[in-house]
1. Which net charge results when you count Lys and Arg as +1 and Asp and Glu as -1 among the other residues whose beta-carbon is under 12 Å from that of Val64?
2. List the GluC sites (Glu not before Pro) within segment 40-80 that DSSP assigns to loop and that have no more than 14 neighbouring Cβ atoms inside 10 Å.
3. With a sphere of radius 11 Å drawn around the Cβ of Arg122, what net charge do the other residues whose Cβ falls strictly inside it have (Lys, Arg +1; Asp, Glu -1)?
4. Quick check on the chain: helices-only [θ] at 222 nm, where DSSP H runs of length 4 and up contribute -39,500 (n - 2.57) each and the sum goes over total residues. Nearest 500, please.
5. Summing +1 for each Lys or Arg and -1 for each Asp or Glu, what net charge is found among the other residues whose Cβ lies under 11 Å from the Cβ of Leu77?
6. Over all distinct alpha-carbon pairs, what is the Kirkwood Rh of the chain in angstrom?
7. Using +1 on the beta carbon of Lys and Arg, -1 on that of Asp and Glu, and nothing else charged, what's the dipole of the chain about the Cα centre, debye to 20?
8. Write down the Kirkwood hydrodynamic radius of segment 83-138, to one decimal in angstroms, obtained as one divided by the mean of 1/r over all alpha carbon pairs.
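Throughout, read-outs are computed from the coordinates displayed, never taken from laboratory work. Every value quoted in this text rests on a predicted model; they were computed, and no experiment measured them. Here the Cβ positions follow ideal geometry from the backbone for every residue, glycine too, while neighbour counts run over all protein chains shown.
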Amino acid sequence: MSPHPAITLRARTEADYDALYALAAELDSWEQRSPLRPAAMTRKGWEARVAEYDADPNGNLGFVIDVEGEAVGTVSLFDIDGFTGTAEVGIALIPSARGRGVGSEAIAQIVEFAFVRANLRRVHLEAIASNTAALRIYEKAGFVIEGRQRKHAWVRGQYEDIVRMGLLRSEWLEHRSTD
C-alpha cells in the first residue's frame, strides 16, 4: 500500500470473505470492535451473522473498505432509525491498514454517505477510551464527545470508559466548509 492509498467503499463479495472473516475472528482488537465478550468465532458462525445482518437492509448498511482492490475492513451504518433519521457508525480494519489514513478516509466517506445519500440527520458511535487513535479520527471527522459510560467495558483485565460521540448533519456541513 502506498502512504496515501485510494480508498473506496463498496459492496461485499464472496471474494472478500476470507479477509473479512480473519478480521472478525481477530482477538487482539476484539474489544475495539465489539461490546461482546471476546470469543473464538467459527467461519460458519460468522457467515450466519453476515446473513442475519444482510436480512435487514433497512436497518443496516455495510460496506467493504477497499484499498487498491483489496478488502481491508468494513464500515457500516447500523440500527438505522428512519423515523428519527439516526444511525450508529462502526468500523473495523485489518492490522496492516491501521495507522495509514485508511480509517480516517473511510469514516469521512461513510459520514458523507449517511448525510447525503441516506438522508440521516445524526450519526453516533461508541469507542473505548483507551482507543485514542480512533477517537482522534472521529474528532477529525467532526464527531463531538457527548458523554461517557464510566467503567462500562471490560478490556483486557480492567474496566474502561466507553466514549459516546455524535455528529449532526448541520455540524458536518459546517465542518466541511471550514476544511
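1. Around Val64, the surrounding residues sum to -2.
2. Glu68
3. So the environment of Arg122 carries a net charge of -2.
4. Calculated from helices alone, the mean residue ellipticity at 222 nm is -8500 deg cm²/dmol.
5. Net charge around Leu77: -2.
6. 16.9
7. The calculation lands at about 440 debye.
8. Hydrodynamic radius (Kirkwood, Cα pairs) of segment 83-138 is 12.2 Å.
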